[in-house]
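The values are calculated or read from the model by the stated rules, or taken from the named source; none is laboratory data. Predicted, not measured: the structure shown is a model, and the values here were computed from it. Every residue, glycine among them, receives a Cβ derived from its backbone with ideal geometry; neighbour counts consider all protein chains shown.
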Amino acid sequence: MLMKEICKACHLTKKAVEYYEQQGLVHPTVMENGYRDYGDVELASLKEISVLRKCGLAVHDIRTILESSDKRAALSRCKYLNQLKIQKLVATQQYLDSLIIDYDIHKAFVEVQQLDDSMYTVREKLAFAFPGNYGIYLSLHFGRFLNEPLQTEEQRAAYLEIIEFLDNVTLHISDELAEYLNNTFQAMEAVGMEKFEAMSHVAIEKAVQNPADLLESEDIAAYVEYRLSDEFKNSSAGRFTEIMIEFHKNSGYQEKFIENMKRLSTDYQKYCDEMAMANKMFLEKFPEAEQFF
């Protein structure tokens with residue numbers, strides 16, 4: 001197809017097609033006469049770009065999706081990050097409403113400190129640092145501990161060390177396990193991400209605050225038995241769990257990420273202390289479960 005034909009087929013302007021080509025998103029064949037020939041691959045790519053642009057995605061996000069081997073997972077990351085941006089925008093609108101009423105700068109200044117962009121940046125970095133949807137799981141898990149403003153030099157130093165770790169860490173998983181994560185994430189979305197996050201946090205809080213009651217549950221004994229079984233070890237969940245245990249041991253995750261998270265968030269430090277006590281009681285009752293950690 002020539003330019004006029006491809007524009008008509010994709011409902012795009014000539015300028016738009018030329019721009020996407022300049023950005024390296026499409027690669028038409030340049031004929032001897034200098035005209036560009038857009039084949040089936042370019043046609044499909046331009047239609048895909050058109051859809052994603054109308055969904056509000058930026059060109060750099062579209063490039064990531066086009067180049068991804070798991071487009072659903074890449075798109076899920078974009079959606080999740082957009083949700084974070086919406087949260088910031090809603091908060092900003094509330095501050096504007098407050099200023100319109102009385103223009104009390106002192107009051108607004110205090111309130112704005114509670115919306116520290118660097119905290120959201122940590123959540124965004126979590127979502128980008130790992131392949132597939134694992135970054136989103138990390139963000140969901142740690143996000144609730146990142147609502148404190150950066151107030152001390154120690155917190156700022158911890159934040160910078162976390163960012164450096166996330167910028168340099170690499171996690172490799174197979175296509176099969178990437179698909180497993182994607183399916184799991186789709187199930188979470190079916191429940192509703194905010195609802196799932198709230199349910200997970202409630203369950204974890206109950207576990208760490210009342211470990212003795214939980215350890216008496218028959219469900220825990222059944223869980224330990226299943227985790228030790230060949231059925232679990234040979235499952236996608238089992239293989240992914242094994243990969244993550246090794247990753248946490250060998251990547252500096254504990255020393256560089258977890259320890260700095262404790263420095264960054266007093267709430268997370270408290271949570272880790274409670275979790276350590278719960279894990280100690282858990283291993284005393286189920287010493288065979290030591291391999292879980």
* Check on residue 39, within 30 Å of residue 83 (Cα to Cα), surrounded by fewer than 16 Cβ atoms within 10 Å (Cβ to Cβ) and in contact (Cβ under 8 Å) with a residue 12 or more places away in the chain -> no
* Structure fact -> From the option list 257, 286, 292, single residue qualifying as surrounded by 13 or more Cβ atoms within 10 Å (Cβ to Cβ), more than 23 Å from the chain's Cα centre (by Cα) and modelled with pLDDT of 85 or more is 286
* Here is a list of conditions, (1) among the small types (Gly, Ala, Ser); (2) modelled with pLDDT under 70; (3) under 20 Å from residue 262 (Cβ atoms), and residue 132 meets all of them except one; can you say which number that is? -> (3)
* To do: Give me the pairs, please: first residue somewhere in the stretch 157-174 and surrounded by 15 or more Cβ atoms within 10 Å (Cβ to Cβ), second residue anywhere and of a type in the set (Val, Ile, Thr), beta-carbon distance under 7 Å, and either six or more positions apart or on two chains.
  => 159/122; 162/122; 173/243
* **Condition broken by residue 78, with the remaining ones in (1) surrounded by 11 or more Cβ atoms within 10 Å (Cβ to Cβ); (2) out of contact with any Cys (no Cβ under 7 Å at 6 or more places or on another chain); (3) not assigned by TED's automatic domain parsing to the domain that holds residue 146 satisfied** => (3)
* Within the stretch 11-36, can you find the residues that are surrounded by 14 or more Cβ atoms within 10 Å (Cβ to Cβ) and more than 37 Å from the chain's Cα centre (by Cα)? -> 36
* Would you check which residues across the stretch 23-37 are part of a loop (DSSP other than H, G, I, E, B) and touching a strand residue (DSSP E or B) at 6+ places or on another chain (Cβ under 8 Å) and list them? => 28, 31
